[in-house]
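The values are calculated or read from the model by the stated rules, or taken from the named source; none is laboratory data. These numbers come from a predicted model, not from an experiment. Neighbour counts are summed over all protein chains in view; Cβ atoms, including those assigned to glycine, are modelled from backbone coordinates with ideal geometry. We work out accessible area using only protein heavy atoms, side chains counted, and drop any ligands, DNA or RNA first. Shrake-Rupley method; radii C 1.70, N 1.55, O 1.52, S 1.80 Å.
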Amino acid sequence: MTKAATFDLASIDTIAACNKPHELEIEHPVTKAKIGVFISLVGKDSDVYRKAIKAMADENIKREAFAQQRGKQDIPNIDRLERKNIDVLVAATTGWRNVSLDGEVLEFSPDNARKVYERILPVREQVQAAINDLENFMPG
């Protein structure tokens, strides 16, 4: 009797794959030319990213429950949501190369990542897209 070929599910372990950083090269938002700025990120299924998303959701649930206890409605605040989304991007960023802002070279740190993501929307958008794209973390 021959053993049937099986598919090893470990080959589609997105958590393990997304825990390994991917280096994204930032593109100019209009010309799409690569600009030589590299940001290292873990993916959407990584432990770090999922933990940050869960923390954001927990905070939202607690805020809503507290508002209900007081007989009020928790009104969504776009600025608060944007800050929380940036928190998640910062958590998923593991390093970078060749980053400068206003002529100042920025060493990687969570504070500097926050500064870039708050101010430079095309970078924030590309980082979010790269985090969400499993092809960046897994072979096809």
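Considering only alpha-carbon pairs that sit under 8 angstrom and 6 or more positions apart, the relative contact order computed for the range 1-102 is 29 percent. Normalised by residue number, the volume inside the convex hull of the Cα atoms of the range 21-81 is 104 Å³ per residue. Think of the chain as having a plus end and a minus end, set by charges on the Cβ of Lys, Arg, Asp and Glu; of Thr94, Thr6, Leu81, Leu81 sits farthest toward the positive end of this dipole.
The residues of the chain have, on average, 68 Å² of accessible surface per residue, using a 1.4 Å probe with all protein chains present.
Potential lengthening of the chain between Leu9 and Arg70 amounts to 17.2 nm, from the contour at 0.36 nm per residue minus the alpha-carbon distance.
Counting only residues 5 or more places away or on other chains, whose amide H sits under 5 Å from the amide H of Thr94 once H atoms are built in the peptide plane? Excluding prolines and chain starts, which carry no amide H, the hits are Ser40, Leu41, Val42.
Shape of the chain from the C-alpha gyration tensor: oblate (a/c of 1.5 or more and a/b not above b/c, with a ≥ b ≥ c the square roots of its eigenvalues). Restricting attention to the chain, lysine pairs at least eight places apart or on different chains and with alpha-carbon atoms under 19 angstrom apart total 11. Using the Karplus relation 6.51 cos²θ - 1.76 cosθ + 1.60 with θ = phi - 60°, the per-residue 3J(HN,Hα) values for the range 93-105 come to 8, 9, x, 6, 9, 6, 9, 9, 9, 6, x, 9, 5 Hz, with x marking Gly and Pro. Think of each Lys and Arg Cβ as +1 and each Asp and Glu Cβ as -1; about the Cα centre, that makes the dipole of the chain roughly 400 debye. Leaving ligands, DNA and RNA out of it, report the carbon-plus-sulfur percent of the accessible area of the chain at a 1.4 Å probe. So the carbon and sulfur contribution to the accessible surface is 55 percent. Summarising the amide proton neighbourhood of Val37: residues at separation of 5 or more, or on other chains, whose placed amide H is nearer than 5 Å comprise Ile26. Just checking the listed ones, Arg124, Arg114, Arg70: in the Gaussian network model of the chain with Cα springs under 10 Å, the one fluctuating most is Arg70. Accessible area ranking (1.4 Å probe, heavy atoms, ligands and nucleic acids excluded), largest first, for Thr14, Thr6, Thr94, Thr31: Thr6, Thr31, Thr94, Thr14. Each part reduced to its alpha carbon centroid, the range 40-76 and the range 1-30 end up 27 Å apart.
Each residue of the range 63-69 was assigned a 3J(HN,Hα) from its phi angle through the Karplus curve 6.51 cos²θ - 1.76 cosθ + 1.60 (θ = phi - 60°); the sequence is 5, 5, 4, 4, 5, 5, 4 Hz, with glycine and proline shown as x. The range 75-128 gives an Rg/Rh value of 0.99, both radii derived from C-alpha positions and Rh following Kirkwood.
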